[in-house]
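Here's the structure we're looking at; comments come further down.
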Amino acid sequence: RTIAELPFQILFPFIFGTILYWMVGFPADAETFWMFQLYTILTTNTAMGMGYLVSALAKNVSVALALGPMVLMPAIIFGGLLVNVDQIPSYFIWLSSLSCIYYGYEGVSIIIFEKIGNFSCPEPPGKCLYPNGNAVLDFLNFDPDNKWLDVII
């Protein structure tokens, strides 16, 4: 089933990623675009794999519908989107390592923000919290060297 659906599992995230990439105004260069697409497709397929795992473990549809959010919500919460990884309590930090969302979020953040130079901040001068893309990556505690590690994991 997975192999039969693979063209759609690549095509639909690619279409979504293409529309999103240009609509948001990400950097207009080929390397960043294709890396963004790679992260989008890998993260989507990993999340679908988690859904297949839950459906395989469940005895029926109602159990799967109850298990799905219990698997997905920790991945979302500890993926870095809602809570910065630095602010996760030490006894829950291992959950961010299990989150496919974390690796996709880190990878996309790195490829986007490492290309951005200085931001144009409003007046008064000196009040800009994040003057450039590297400051954003520092705030998120993302290491630019993890760009390919996030793809592998």
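The values are calculated or read from the model by the stated rules, or taken from the named source; none is laboratory data. Given the structure is predicted, the values throughout are model-derived calculations rather than measurements. Ideal geometry is used to build each Cβ from the backbone, glycine not excepted, and the neighbour counts take in all protein chains shown. Only protein heavy atoms, including side chains, enter the accessible area calculation; ligands, DNA and RNA are left aside. Shrake-Rupley method; radii C 1.70, N 1.55, O 1.52, S 1.80 Å.
Tell me what the chain gives for mean residue ellipticity at 222 nm when only DSSP H runs of n ≥ 4 count, each as -39,500 (n - 2.57), the sum divided by the residue total, rounded to 500 deg cm²/dmol.
Values: 7 runs with 102 residues, N = 153.
Estimated from H runs of four or more residues: -21500 deg cm²/dmol.
Of the accessible area of the chain, with the probe set at 1.4 angstrom, what percent is carbon plus sulfur?
On the way: 6810 of 9690 Å².
Percent of accessible area from carbon and sulfur atoms in the chain: 70.
With every protein chain left in place, what is the accessible area per residue of the chain in square angstrom, probe 1.4 Å? All intermediate terms of the calculation are to be shown ahead of the outcome.
Values: 9690 Å² over 153 residues.
Accessible area per residue: 63 Å².
Counting Lys +1, Arg +1, Asp -1, Glu -1, what net charge surrounds SER109 among other residues with beta carbon under 13 Å of its beta carbon?
-3
Arrange the peptides 53-62, 105-114 so that the one whose residues have, on average, the most other Cβ atoms within 10 Å appears first. Mind showing how you got there, number by number?
Details: 53-62: 11.1, 105-114: 21.4.
The densest-packed peptide leads the list: 105-114, 53-62.
Looking at region 1-132, I'd like the Rg to Rh ratio, where Rg is from alpha-carbon atoms and Rh is Kirkwood's inverse mean 1/r. Intermediate values should be presented prior to the final figure.
Values: Rg = 18.1 Å, Rh = 17.1 Å.
My calculation puts Rg/Rh at 1.06.
Tell me which cysteines of the chain come out unpaired when the rule is another cysteine's Cβ under 4.7 Å.
Cysteines of the chain left without a disulfide-compatible partner: CYS100.
Order 40-52, 83-95 from most to least packed using the mean count of other Cβ atoms within 10 Å.
Working: 40-52: 16.7, 83-95: 11.2.
The packing order, highest mean first, is 40-52, 83-95.
Report, by chain and number, residues whose modeled amide H sits under 5 Å from the one on ASN132, excluding near sequence neighbours (fewer than 5 apart, same chain).
Distant-sequence amide H within range of ASN132: PHE119.
Run the numbers on the chain and let me know its relative contact order in percent, using alpha-carbon pairs under 8 Å that are six or more apart.
Working: 142 pairs, mean separation 31.2, N = 153.
20 percent.
With charges only on Cβ, +1 for K and R and -1 for D and E, what is the dipole size of region 20-153 about its Cα centre, in debye, rounded to 20? Show your work: numbers first, answer last.
Details: 4 positive and 10 negative charges, 100 e Å.
Approximately 480 debye in magnitude.
Measure nothing but the geometry: give the 0 to 90° angle between the long axis through the Cα atoms of 100-113 and the longest principal axis through the Cα atoms of the chain, rounded to 10°.
Relative to the chain, helix 100-113 is tipped by roughly 20 degrees.
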